[in-house]
1. Looking at (1) over 22 Å from the mean Cα position of the chain (by Cα); (2) assigned by TED's automatic domain parsing to the domain that holds T130, find the lone condition where L219 falls short.
2. More than 22 Å from K98 (Cα to Cα) and not in a loop (DSSP other than H, G, I, E, B): is that true of E151 in this structure?
3. Across region 132-169, what is the total count of residues that are modelled with pLDDT of 95 or more and of a type in the set (V, I, T)?
4. Only one of these is assigned by TED's automatic domain parsing to the domain that holds F153, surrounded by fewer than 17 Cβ atoms within 10 Å (Cβ to Cβ) and hydrophobic (A, V, I, L, M, F, W, C): A83, A107. Name it.
5. When region 156-190 is examined, which residues are found to be more than 28 Å from D209 (Cβ to Cβ) and not in a loop (DSSP other than H, G, I, E, B)?
6. Please report, ordered by residue number, the helices (runs of 4 or more DSSP H) entirely within region 1-115 with at least 1 residues that are within 30 Å of S215 (Cβ to Cβ).
7. Given the conditions (1) touching a residue at least 40 places away in the same chain (Cβ under 8 Å); (2) out of contact with any His (no Cβ under 8 Å at 6 or more places or on another chain); (3) assigned by TED's automatic domain parsing to the domain that holds L194, report the number of the one that E133 does not fulfil.
Amino acid sequence: MKKITEIPTSDKPREKLASKGAQALTSKELLMVILGKGIKGRDVTMLANDILKLIETEKENLTFEKLEALQGVGAARAGQILASFELAKRYLIKPEQKINNTEDVLAQVSEIRNKKQEHFITITLTGASTIIEKRTVFKGTINFSLVHPREIFSDALTDRAAGIIFVHNHPENDVEPSEADIRITKQLCDAAKLLGIEVIDHIIVTKNDHFSFQSKGLL
């Protein structure tokens, strides 16, 4: 195991992160960046190696006390590591959410019910109906003659989605689908079949009501 002083400057974790991004670093290198430096007699590479072994062994059972007990870690570094993990969990790790029925969809799009402009939202799903991503694809006055399946499905393909749900609002509070709504839904369903993605539903929402194409047998 090389000491940090034996690693070429361009390959040192901090420099590598700056030039190639965090995703290019190994788990040990990421820990080395968090730690910053070692202590007398224990190089940062040694500390990172010991910490990584503990993380891999303990996983969700990792505690402040277990980290602090490692030689050369101590309270400050144990706190740094746990704080880094918690911050990532809060902002980057999304809690798993499933769509089991129309009510679950409506809960996801409640923010557009009172909008004065039209919003067209896609919700991509795994085969187990877990939400992958919710996206606002169009906003403003939606001219459905300009809506192309390419824009709708490009992100769904990137997500490797098994299913997709469409939702858009009617600011004028008329929940019934227009001829354009029906036409674009058919076009999107046809495109989805070719791509191997199941259209679960297309839902229109207004301030106090909704219309489900699936429940009305229109998919």
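1. Status for L219: all satisfied but (2).
2. Yes.
3. 3
4. So the residue among A83, A107 that is assigned by TED's automatic domain parsing to the domain that holds F153, surrounded by fewer than 17 Cβ atoms within 10 Å (Cβ to Cβ) and hydrophobic (A, V, I, L, M, F, W, C) is A107.
5. Correct list: L157, T158, D159.
6. Output list reads 102-108.
7. With (1) touching a residue at least 40 places away in the same chain (Cβ under 8 Å); (2) out of contact with any His (no Cβ under 8 Å at 6 or more places or on another chain); (3) assigned by TED's automatic domain parsing to the domain that holds L194 applied to E133, the lone miss is (1).
Residues are listed down the side, and each one gets a yes or a no for (1) surrounded by fewer than 12 Cβ atoms within 10 Å (Cβ to Cβ); (2) under 28 Å from the mean Cα position of the chain (by Cα); (3) at pLDDT 90 or above:
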position	(1), (2), (3)
K2	yes, no, no
P8	yes, no, no
L30	no, yes, yes
N49	no, no, yes
L54	no, yes, yes
K59	yes, yes, no
K66	no, no, yes
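The values are calculated or read from the model by the stated rules, or taken from the named source; none is laboratory data. It should be emphasised that the depicted structure is a prediction, and the values quoted were computed from it without experimental measurement. Virtual Cβ from ideal backbone geometry, glycine too; neighbours counted across all protein chains shown.
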